[in-house]
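The values are calculated or read from the model by the stated rules, or taken from the named source; none is laboratory data. Predicted model only: the values in this text are computed from it and were never measured. Glycine also receives a Cβ, built like all others from the backbone with ideal geometry; neighbour counts cover every protein chain displayed. Only protein heavy atoms, including side chains, enter the accessible area calculation; ligands, DNA and RNA are left aside. Shrake-Rupley method; radii C 1.70, N 1.55, O 1.52, S 1.80 Å.
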Amino acid sequence: MWDYSETVKEHFYNPKNAGAVSDANAVGDVGSISCGDALRLTLKVEPETEIIIDAGFQTFGCGSAIASSSALTEMVKGKTLDQALEISNQDIADFLDGLPPEKMHCSVMGREALQAAVADYRGEVWEDDHEEGALICKCFAIDDVMIRETIRANNLSSVEEVTNYTKAGGGCSSCHEGIENILTEELEARGDTFEPSAVGKKEGVVRLNPGKKEEAPATMTPVQRILKIQEVLEGLRPALQADGGDVELMDVEGKNIYVKLTGACNGCQMAAMTLGGVQQKLIEVLGEFVKVIPHTERPVEIAGA
Amino acid sequence: MADIYLDNNATTMCDPDVVQELMPYFSEQFGNPSSLHSFGNKVGFAIKKARQQVQKLLGAEHDSEIIFTSCGSESDSTAILSALKAQPERKEIITTVVEHPAVLTLCEYLETEGYTVHKLKVDSKGNLDMDEYASLLTDKVAVVSVMWANNETGTIFPVLEMAEMADEKGIMFHTDAVQAVGKIPMNLADSKIHMLSLSGHKLHAPKGVGVLYLRRGVRFRPLLRGGHQERGRRAGTENTTGIVGLGKACELAMEHMEYENTAVAEMRDRLQEGILAAVPHSFVTGNPENRLPNTVNIAFEYIEGEAILLLMNKQGVAASSGSACTSGSLEPSHVMKAMGIPYTAAHGTVRFSLSRYNTPEEIERVIEAVPPIVAQLRKLSPYWGDNGPVENPEEAFAPVYA
Ligand SMILES: Cc1ncc(COP(=O)(O)O)c(C=O)c1O
């Protein structure tokens with residue numbers, strides 16, 4: 001059985017706002033019947049204020065799909081459409097005191113039903129960019145599609161890189177065989193061969209990107225180097241922001257680069273993973289070893305200066 | 001009221017007599033059966049007895065045809081990999097689309113290693129096409145692996161006939177009989193089955209012990225090499241408690257075979273009839289004419305299985321489901337898909353599997369409990385109207401990324 005929180009159980013056993021709202025003026029149908037989860041969200045919106053005065057759900061799905069639907073209706077009631085659209089799937093999961101990784105897609109479905117209903121109300125067509133693949137990494141709920149897209153976009157070629165970019169494989173490491181199989185296929189597709197290391201990469205050994213070697217550290221002035229670091233961080237921000245987080249450059253001191261992590265990245269167990277990814281990228285671009293350190297871990301006398 | 005356990009195809013309760021029989025082998029009789037001294041000696045005799053008890057249940061000709069393993073999955077892997085190792089020139093495997101993952105996942109892996117795997121399809125009742133089977137039996141095939149009974153629906157395959165067909169062509173035949181042993185009478189000596197897998201925990205023995213039956217004379221290559229245990233066919237110090245328990249469980253299974261096929265089958269039939277009568281838009285999956293006496297699999301349309309199980313669990317009834325959600329995958333059970341059960345029903349399948357420990361009173365309680373649960377979930381379902389499914393359900397509700 002799944003490890004459901006008490007809140008999930010409560011919303012499943014006694015769902016709120018079950019059934020369709022009778023005089024609804026916004027309807028969102030999302031989900032996939034082949035995957036076994038589908039949801040119809042009906043809203044009653046007051047036209048002058050755009051406030052959601054009533055919400056109801058009908059769900060075909062498992063315990064957490066029903067609980068997520070119930071939570072969603074509770075969360076949106078009383079909000080304006082614009083306020084409601086700010087609800088992320090993580091907000092839904094948080095409202096339920098968390099969901100198992102295999103069940104995070106239930107919260108995604110809730111958010112998408114909301115977007116679809118708002119689009120319906122506004123007479124727009126909601127474009128679904130949702131694509132879900134088989135779950136590969138259970139520790140961080142990363143699926144096949146996400147891993148493949150990231151490998152293609154960043155030309156990745158090792159399990160370590162996949163972990164740095166997507167988090168997949170960064171936990172218990174049981175999914176490394178699955179990631180290797182994906183890498184084998186993806187590398188073959190781009191005419192490469194996948195060469196795994198038998199026992200994982202040694203700590204601290206970082207392969208530098210040979211293509212970037214000409215930008216040797218010595219050829220950069222300190223200002224150029226800082227600008228370069230800034231440029232790399234700017235490039236990474238959209239990906240982090242998509243996860244509800246952000247990164248900001250605070251200071252550079254020799255090999256130490258101090259950054260401020262905010263939002264979902266801050267403090268959570270992913271912070272270390274995110275820092276690892278940022279560091280890897282900086283090392284590649286600068287062609288030298290650097291260390292990315294959270295601003296908060298800076299020696300006090302310097303931080304205070 | 002005590003909870004009701006109707007998930008015996010997942011695992012069974014260890015019979016109290018089995019527990020009693022095996023307990024001494026944790027303490028007084030802790031010796032290694034390979035040892036010469038008296039500590040080991042007695043254990044060696046106990047294993048010999050267990051081997052004969054298994055032999056009897058299977059109707060095997062020799063007790064040396066019984067190889068103890070750690071589980072059904074190990075027996076399956078050993079059988080299939082042995083057939084491939086022993087006949088390196090043969091690169092094809094025949095199996096079915098509805099096998100347990102213990103066979104299917106291995107076969108899918110072997111495909112990546114260059115083997116060709118033919119998976120026999122099934123019809124809407126889960127039956128095989130014997131003509132398709134016959135057409136695939138060529139001298140390229142190393143092994144046929146077909147389950148005796150399906151774990152999800154209980155549907156029985158004609159393995160005796162299929163084994164004869166394979167044997168005639170000189171092809172090795174293995175059957176995963178994990179669900180069948182103890183429920184279907186067997187006389188392997190009179191059959192052409194070359195290898196058979198069973199698992200202790202499905203027949204009231206402990207978890208962590210299984211058997212590979214290997215007909216005398218069938219070529220074999222061990223999976224685990226090392227010590228001389230099991231005549232060198234499966235190295236590793238014996239799981240003595242498990243083996244002794246399995247022996248006793250086989251003896252008890254012999255005694256209860258008749259009861260299983262009469263009283264248990266009657267309770268199963270009553271459960272099926274009671275639920276189908278009370279729940280509209282529900283149907284039995286698999287082949288009800290030819291299935292295990294203890295199993296019924298019912299599809300409840302327009303709702304999802306995990307939600308059903310959670311509500312049943314709350315009322316103290318344990319069963320299992322073929323929905324995607326219960327396994328954390330993206331697809332409903334491969335068995336339901338193979339039979340072409342529509343998604344709106346496949347996700348709502350519930351397997352009830354009984355044992356000799358269930359009582360008619362329990363069955364009546366389950367018949368009472370299930371219909372309101374189904375009704376409650378249908379009230380939440382977008383496919384369900386006030387009194388039944390909405391008209392043209394698949395059109396009335398067509399979610400965006402369907
Ligand atoms: C048909 C079948 N084969 C194999 C197995 C695997 O047995 P074990 O759990 O002992 O490895 C099972 C158990 O679920 C089964 O039902």
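Observations on the model:
- B:I47 being β-branched (V, I, T), more than 16 Å from the ligand (Cβ to nearest atom), at pLDDT 95 or above and assigned to a helix (DSSP H, G or I): yes
- Listed by first and then second residue, the pairs with beta-carbon distance under 9 Å, at least 6 apart or on different chains, first residue in region B:95-107 and in contact (Cβ under 8 Å) with a residue 60 or more places away in the chain, second of a type in the set (V, I, T) and near the ligand (Cβ under 8 Å from one of its atoms), are B:T96/B:V103; B:H100/B:V178; B:A102/B:V178.
- Failed criterion for B:S323 (all others in (1) in contact with an Asp or Glu (Cβ under 7 Å, 6 or more places away or on another chain); (2) surrounded by fewer than 24 Cβ atoms within 10 Å (Cβ to Cβ) hold): (2)
- Cβ-Cβ under 8 Å pairs, at least 6 apart or on other chains, region B:8-34 side over 23 Å from B:A235 (Cβ atoms) and open to solvent by 50 Å² or more (accessible area, probe 1.4 Å), far side more than 16 Å from the ligand (Cβ to nearest atom) and assigned to a loop (DSSP other than H, G, I, E, B): B:M13/B:Y357
- The residue that is farthest from the other protein chains (Cβ to nearest Cβ), among those in region A:46-65 that are out of contact with any Ser or Thr (no Cβ under 6 Å at 6 or more places or on another chain) and surrounded by 24 or more Cβ atoms within 10 Å (Cβ to Cβ), is A:I52.
- A:L85 being more than 14 Å from chain B (Cβ to nearest Cβ), within 23 Å of A:D128 (Cβ to Cβ), among the hydrophobic types (A, V, I, L, M, F, W, C) and open to solvent by 40 Å² or more (accessible area, probe 1.4 Å): yes
- Search result, residues across region A:136-165 that are within 14 Å of another protein chain (Cβ to nearest Cβ) and either assigned to a helix (DSSP H, G or I) or out of contact with any helix residue (DSSP H, G or I) (no Cβ under 6 Å at 6 or more places or on another chain) (or both): A:C137, A:C139, A:D143, A:D144, A:V145, A:M146
- Tallying residues that are part of a helix (DSSP H, G or I) and within 16 Å of the ligand (Cβ to nearest atom) within region B:218-240 yields 0.
- Scanning region A:124-162 for residues that are open to solvent by 90 Å² or more (accessible area, probe 1.4 Å) and in contact with a Pro (Cβ under 8 Å, 6 or more places away or on another chain) gives a single hit, A:K138.
- B:E89 vs. criteria more than 16 Å from the ligand (Cβ to nearest atom) and either farther than 25 Å from B:E251 by Cβ or at pLDDT below 95 (or both): yes
- Filtering B:E74, B:E108 for residues that are loosely packed, with under 14 Cβ neighbours inside 10 Å and within 16 Å of the ligand (Cβ to nearest atom) leaves a single hit, B:E108.
- Among all positions in region B:120-136, there is no residue which is open to solvent by 40 Å² or more (accessible area, probe 1.4 Å) and within 16 Å of the ligand (Cβ to nearest atom).
- Exactly one residue out of B:G208, B:G217, B:G182, B:G170 is open to solvent by less than 20 Å² (accessible area, probe 1.4 Å) and over 19 Å from B:S34 (Cα atoms): that is B:G182.
Let's see how each residue does on (1) more than 14 Å from chain A (Cβ to nearest Cβ); (2) within 21 Å of the chain's Cα centre (by Cα); (3) not in a loop (DSSP other than H, G, I, E, B):
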{"site": "B:M336", "(1), (2), (3)": "no, yes, yes"}
{"site": "B:F352", "(1), (2), (3)": "yes, yes, yes"}
{"site": "B:R356", "(1), (2), (3)": "yes, yes, no"}
{"site": "B:E364", "(1), (2), (3)": "yes, no, yes"}
{"site": "B:P371", "(1), (2), (3)": "yes, no, yes"}
{"site": "B:A375", "(1), (2), (3)": "no, no, yes"}
{"site": "B:D386", "(1), (2), (3)": "no, no, no"}
{"site": "B:A398", "(1), (2), (3)": "no, no, no"}
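- Among the candidates B:N313, B:N290, B:N297, the residue that is surrounded by fewer than 19 Cβ atoms within 10 Å (Cβ to Cβ) and under 30 Å from A:D143 (Cβ atoms) is uniquely B:N313.
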